[in-house]
Amino acid sequence: MARLSYPPAAEPRPAALPPGERTVGQLVAESIRAYGERFVRCLAVGISPAVLALVTAHVSRNVALVLAPTLYGAALSVSYVAACVIVLERRPSPKRLVVAWAAGWLVFAPVPFLVFAFVLPGLAWLAALGLVVPVLVVEETPARRAFARAW
């Protein structure tokens, strides 16, 4: 009788499809792999959203509505830029990082007001312009062109 070994021998991973042809499953698997390989650095990305969740739980809705586009937007933008730098393995110039951070903050600023009545306008806004940060991290384009590219 053949003896099975546990865990079974891993088969080599298939080559990734081009970005335009990837399935959702492949995208999720690549994301898990990318964050798993850089686990400690990715923990730092989650610090500001965790702190924001703790602070938001202990303030009124009106205070949160004032803080969201200002302090929260800045902190979430830092996390987004850091995540893009980690996953995309790019080291843009500090000036480029500041531009990406400011663009992320600018895109996030209206979201708390858009979701105040209903969530879908905020999601639509982020879907339309949320990719401006990765565009600025990866490409050497001016900010105005990056917004058009993200759209």
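Which is modelled with pLDDT under 75 and surrounded by 12 or more Cβ atoms within 10 Å (Cβ to Cβ), of A10, A16, A44, A34?
A16 is the lone residue from the list that is modelled with pLDDT under 75 and surrounded by 12 or more Cβ atoms within 10 Å (Cβ to Cβ).
Can you report the number of residues in the range 112-151 which are within 19 Å of the chain's Cα centre (by Cα), within 22 Å of V87 (Cβ to Cβ) and β-branched (V, I, T)?
The number of residues fulfilling the criteria is 5.
Among what's in the range 19-31 and is closer than 20 Å to Y80 by Cβ, of a type outside the set (D, E, K, R) and surrounded by 10 or more Cβ atoms within 10 Å (Cβ to Cβ), pick the residue that is modelled with the highest pLDDT. It would help to see each step written out before you state the result.
So in the range 19-31, the residues closer than 20 Å to Y80 by Cβ come out as 19, 27-28, 30-31.
Filter once more, so that each one left must be of a type outside the set (D, E, K, R): 19, 27-28, 31.
If we keep only those that are surrounded by 10 or more Cβ atoms within 10 Å (Cβ to Cβ) too, we end up with 27-28, 31.
Values: L27: 83, V28: 87, S31: 83.
Checking each candidate, the answer is V28.
Looking only at the range 118-149, filter to residues that are in a helix (DSSP H, G or I) and in contact (Cβ under 8 Å) with a residue 40 or more places away in the chain; which one of those is surrounded by the most Cβ atoms within 10 Å (Cβ to Cβ)?
Out of the qualifying residues, it is L136.
Note down all Cβ pairs under 8 Å where the first residue falls in the range 90-117 and is surrounded by 14 or more Cβ atoms within 10 Å (Cβ to Cβ) and of a type in the set (A, V, I, L, M), the second is part of a loop (DSSP other than H, G, I, E, B) and modelled with pLDDT of 85 or more, and they're at least six residues apart or on different chains.
A100/P92; V107/G130
Name the one entry in A82, A127, A146 that is touching a Lys or Arg at 6+ places or on another chain (Cβ under 9 Å), among the small types (G, A, S) and modelled with pLDDT of 90 or more.
Just one listed residue meets the conditions, A82.
Could you give me the residue pairs with C-beta distances under 8 Å whose first residue belongs to the range 22-33 and is at negative phi, whose second residue is β-branched (V, I, T) wherever it lies, and which are 6+ apart or on separate chains?
S31/V87
Looking only at residues in the range 54-107 that are in a helix (DSSP H, G or I), more than 13 Å from the chain's Cα centre (by Cα) and among the hydroxyl-bearing types (S, T, Y), which one is nearest to V28 (Cα to Cα)?
Y72
Looking at V51, is it closer than 19 Å to A146 by Cα, of a type outside the set (G, A, S) and under 20 Å from the mean Cα position of the chain (by Cα)?
Against the criterion (closer than 19 Å to A146 by Cα, of a type outside the set (G, A, S) and under 20 Å from the mean Cα position of the chain (by Cα)), V51 does not qualify.
Which count do you get for residues in the range 33-64 that are over 17 Å from V78 (Cβ atoms) and among the small types (G, A, S)?
5
The values are calculated or read from the model by the stated rules, or taken from the named source; none is laboratory data. Just so we're clear, the structure is a prediction, and the values are computed from it rather than from any experiment. Please note: Cβ atoms are built from the backbone with ideal geometry, for glycine as well, and neighbour counts cover all protein chains shown.
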